[in-house]
Amino acid sequence: MPLRTALLQSSGRPGSVAENLKVLDDAAGRAAEAGARLLVCPELFLTGYAIGDDVPALAEPADGSGAAAVAEIAVRHGIAVHYGYPERAGEAIHNSAQLIDATGARLANYRKTHLFGRFELQWFTPGDEPVVQAELDGIRIGMLICYDVEFPENVRAHALAGTDLLLVPTALMHPFPFVAESLVPVRAFESQLYIAYANRTGHEGEFEFTGLSCLASPDGTVRTRAGRGEELVIADVDPVLLAASRETNPYLRDRRPGLYGSLS
């Protein structure tokens with residue numbers, strides 16, 4: 001059965017968790033009404049991305065008050081929610097994303113492994129677990145964040161681990177729209193999986209985000225694409241199409257790992 005997936009393209013209200021939860025609640029309601037069973041939000045959506053010195057104050061544990069609020073939204077609307085947030089773990093703060101299912105259960109938590117730019121390097125500690133997965137409605141879900149997807153090794157590792165749908169909350173900014181337009185669909189095709197790429201939009205601090213969120217398919221097509229502004233886009237992740245594409249495009253089967261030792 002296809003997994004109808006909604007991508008929220010929004011920057012919410014940077015610095016206000018309460019306002020961002022309102023935006024998420026509204027999007028979850030609209031997505032559920034359209035038949036979606038999964039809502040994917042952008043990178044650091046719970047707090048905002050360009051929050052500067054507020055990162056330590058807004059960071060919280062994976063099971064903190066923000067997670068409880070998202071779980072309540074997920075249960076009320078009957079939809080799984082994947083959202084980005086700054087995670088406090090002891091003395092470290094991670095740029096993280098968490099998947100909560102429609103019963104409110106926390107299925108998986110991922111810490112961004114490849115940090116981008118001065119801002120992230122200043123405030124966050126990189127994660128060290130490259131492949132994090134969960135099962136949702138018979139689909140094997142994998143998780144990366146933004147810059148992570150630009151490394152082909154990361155996506156291929158997920159493909160080899162059996163990921164069907166790769167969730168990538170992002171804060172893609174100018175001048176890099178080609179990542180959303182070209183690189184993400186190519187990643188989906190070369191590793192034969194779906195990629196849900198949910199971006200921020202508009203100006204935030206020193207950054208201007210590109211929008212262009214998309215659901216890229218393993219057959220080389222883009223199933224839905226947002227524009228530049230606030231938007232909720234919806235498309236299906238189809239296991240039948242995925243199986244047919246993997247049979248037609250046997251990259252994973254035709255690999256010769258013995259030749260690739262120098263890559264590591």
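The values are calculated or read from the model by the stated rules, or taken from the named source; none is laboratory data. The model shown is predicted, which means the values in this text are computed figures rather than measured ones. Heads up, the Cβs are rebuilt from the backbone with ideal geometry, glycines too, and the neighbour counts pull from every protein chain shown. The accessibility values were calculated without ligands, DNA or RNA, using every heavy atom of the protein model including side chains. Shrake-Rupley method; radii C 1.70, N 1.55, O 1.52, S 1.80 Å.
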Quiz item: At a probe size of 1.4 Å, how large is the accessible area of R111, to the nearest 10 Å²?
Solution: 90 Å²
Quiz prompt | For the chain, calculated [θ]222 nm from helices alone, where every DSSP H run of n ≥ 4 adds -39500 (n - 2.57) | solution = -7500 deg cm²/dmol
Quiz item: Local charge sum around G64 (other residues, Cβ-Cβ under 14 Å, Lys/Arg +1, Asp/Glu -1)?
Solution: -2
Quiz item: Over what distance in Å are the Cα centres of the range 93-146 and the range 156-173 separated?
Solution: 10 Å
Practice problem: Within the chain, what's the longest run with no GluC sites (Glu not before Pro) in a DSSP loop and at most 12 other beta-carbon atoms within 10 Å? Give the range, please. | Solution: 92-205
Self-check item: Mean accessible surface per residue for the chain, computed with a 1.4 Å probe while every protein chain stays in place, in Å²
Solution: 41 Å²
Practice problem: With θ set to phi - 60°, apply the Karplus curve 6.51 cos²θ - 1.76 cosθ + 1.60 along the range 40-55 and write out the HN-Hα couplings as whole Hz, x wherever there is a Gly or Pro. | Solution: 10, 9, x, 4, 6, 5, 4, 10, x, 8, 8, 9, x, 5, 7, 3
Quiz item: What nm value, rounded to one decimal, do you get for the distance between A244 and R228 when each label is placed 7 Å out toward the C-beta?
Solution: 3.6 nm
Self-check item: Low-density loop positions, trypsin sites (Lys or Arg not before Pro), the range 198-261 - DSSP coil, at most 13 other Cβ in 10 Å
Solution: R255
Quiz item: Ignoring ligands, DNA and RNA, what percent of the 1.4 Å accessible area of the chain is carbon and sulfur?
Solution: 53 percent
Quiz item: Under a point-charge model restricted to the Cβ atoms of Lys and Arg (+1) and Asp and Glu (-1), what is the dipole moment magnitude of the range 78-213 relative to its Cα centre, in debye to the nearest 20?
Solution: 80 debye
Quiz item: Counting Lys and Arg as +1 and Asp and Glu as -1, each charge on the Cβ, what is the dipole of the chain about the Cα centre in debye, to the nearest 20?
Solution: 540 debye
Quiz item: Which percent of Cα pairs goes in each bin when the distances of the range 177-264 are cut into 10 angstrom slices starting at zero?
Solution: 17, 38, 27, 15, 4
Quiz prompt | Dipole moment magnitude, nearest 20 debye, the range 1-123 about Cα centre, only Lys, Arg, Asp, Glu C-beta charged | solution = 340 debye
Quiz prompt | R0 of 45 Å, Cβ-Cβ distance R106-L259: FRET efficiency to nearest 0.05 | solution = 0.65
Exercise. Mind checking which of V75, F124, A89 is farthest towards the positive end of the chain's charge dipole, using Cβ charges of +1 (Lys, Arg) and -1 (Asp, Glu) about the Cα centre?
Key: V75
Quiz item: Considering the chain, what Rg and Dmax in Å follow from its alpha-carbon atoms?
Solution: 17.1, 52
